[in-house]
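Enquirer: What follows is a single structure, and I will ask about it in a moment.
Rule-based calculations on the coordinates, nothing more; no lab input. Nothing here was measured: the structure is a model prediction, and the numbers come from that model. Methodologically, a virtual Cβ is constructed for each residue, glycine included, from the backbone with ideal geometry; neighbour enumeration extends over all protein chains shown.
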Amino acid sequence: MMWRCVSELARRRRSDGVVDTMKVGFQYLANISSSTRDRQRCSNMYATSCATNPDILSRETSSSEMLVDSFGRFHNYLRISLTERCNLRCQYCMPADGVELTPNSELLSHDEIIRIANIFVTSGVDKIRLTGGEPTIRKDIEDICLHLSGLKGLKTLAMTTNGIVLSKKLPKLKECGLSALNISLDTLVPAKFEFMTRRKGHPKVMESIDAAVELGYNPVKVNCVIMRGMNDDEICNFVELTRHKPINVRFIEFMPFDGNVWNVKRLVPYAEMLDKVRQNYKGVERLQDHPTDTAKNFRIDGHVGTISFITSMTEHFCAGCNRLRLLADGNFKVCLFGPSEVSLREPIRAVVDDAGLKEIIGAAVKRKKAKHAGMFDIAKTANRPMIHIGG
């Protein structure tokens with residue numbers, strides 16, 4: 001079989017003196033050939049490699065090996081971004097002047113999402129998380145959940161959402177198989193919420209958290225990005241959410257992404273956050289973490305819920321990483337902070353079979369690096385805005 005990469009130069013735009021990464025399209029062509037394979041390399045949007053060399057994985061390779069990288073990490077967790085659109089404009093997620101949205105025709109369709117997900121699940125993925133943008137604004141979200149939850153071998157279907165429209169949709173989503181939930185909330189002060197998200201809606205998010213608790217989600221995870229001078233004074237207020245309800249508040253270190261004006265001075269390290277909690281609460285006990293956990297988990301005496309810290313910047317957890325990402329435009333990303341991506345949409349639309357897709361996926365996984373570059377180098381590396389990646 002012959003494999004070819006065809007690249008085309010796309011627009012460059014300048015914003016605040018920074019040149020966006022060259023956007024490259026990639027077309028995947030498959031023709032029968034018994035003796036040759038084109039080993040030409042291509043680049044993708046924000047990509048450093050296309051990882052489409054079929055020599056890296058043969059068709060005889062076992063399905064589970066497709067998900068094992070060169071450092072022995074097995075990736076059983078797939079995050080799927082369903083849309084680039086969002087009904088909020090959070091400062092750490094979206095640049096102030098917005099983002100250029102991918103045309104609808106270049107986004108994955110319902111059937112393409114299910115097909116790709118099925119390939120991953122039959123190969124060993126047992127957890128899928130739906131992200132965005134904001135996944136709940138996608139019109140076919142219930143149907144997507146229904147079909148994904150029905151994939152044999154999938155144990156957990158989770159979603160990360162801002163909660164703005166969740167309370168109305170959650171009963172149906174639960175019926176369709178949504179089994180775990182993270183709700184993003186960075187402040188408990190309505191006026192500050194409007195400043196941080198550039199939109200109103202704080203009461204709706206609180207309503208969604210309560211609705212999730214009432215529907216039996218346990219725990220209801222609340223994601224909170226802590227930024228110095230913005231909401232670091234609310235850490236203990238968030239801890240109080242765990243006192244009487246099965247809520248897991250996850251304090252997240254501020255991370256650099258394109259357009260969010262990251263500055264190390266705004267980063268509140270995990271150790272500082274934990275120290276603030278311990279100064280105000282007795283009986284803060286570290287829980288046993290799973291080897292693939294991104295969070296350091298704690299229980300507080302007398303609290304129903306728990307707290308966690310996601311320490312991507314000060315104490316990375318790359319050695320235990322089991323996560324892969326499928327973006328809304330069909331690009332496959334093996335590291336949250338890495339620029340490398342490979343298109344799965346193009347080969348699908350070129351009528352490549354599942355075996356061919358597995359070769360592309362497996363090759364990309366094999367090229368995953370041991371760890372990210374470190375927070376200062378990450379801040380200088382071309383990457384997408386968070387709203388494109390979905391966290």
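Enquirer: Can you compute the modelled spin-label distance between D140 and D232, with each label point 7 Å from Cα toward Cβ, in nm?
Expert: 4.5
Enquirer: Same structure, new question: Which whole-Hz ³J(HN,Hα) couplings does region 315-321 yield from phi under the Karplus relation 6.51 cos²θ - 1.76 cosθ + 1.60, θ = phi - 60°, glycine and proline marked x?
Expert: Values per residue, Gly and Pro as x: 9, 5, 10, 4, 4, x, 5 Hz.
Enquirer: For D289 and S179, FRET efficiency with R0 = 25 Å and r from the beta-carbon atoms, rounded to 0.05?
Expert: Efficiency computed from Cβ-Cβ geometry: 0.75.
Enquirer: Ranking request for peptides 109-118, 239-248, 333-342: highest mean number of other beta-carbon atoms within 10 Å first, then the rest in descending order.
Expert: So the order, starting with the most tightly packed, is 333-342, 239-248, 109-118.
Enquirer: Can you list the lysines whose alpha carbon is less than 24 Å from that of K172, not counting same-chain residues fewer than 8 positions off?
Expert: K127, K139, K152, K155, K204, K221, K245
Enquirer: Give the calculated FRET efficiency between D111 and E194 to the nearest 0.05, with a Förster radius of 35 Å applied to their Cβ-Cβ distance.
Expert: E between D111 and E194, to the nearest 0.05, is 0.35.
Enquirer: Output wanted: per-residue J couplings in Hz (rounded whole) for region 104-110, from phi through Karplus 6.51 cos²θ - 1.76 cosθ + 1.60, θ = phi - 60°, x for Gly and Pro.
Expert: With the stated coefficients, region 104-110 comes to 4, 5, 9, 8, 5, 7, 3 Hz.
Enquirer: Okay, next question. Using the Cα atoms of region 206-360, I'd like the radius of gyration and the largest Cα-Cα distance, Dmax, both in angstrom.
Expert: According to the Cα coordinates of region 206-360, Rg and Dmax are 18.9, 60 Å.
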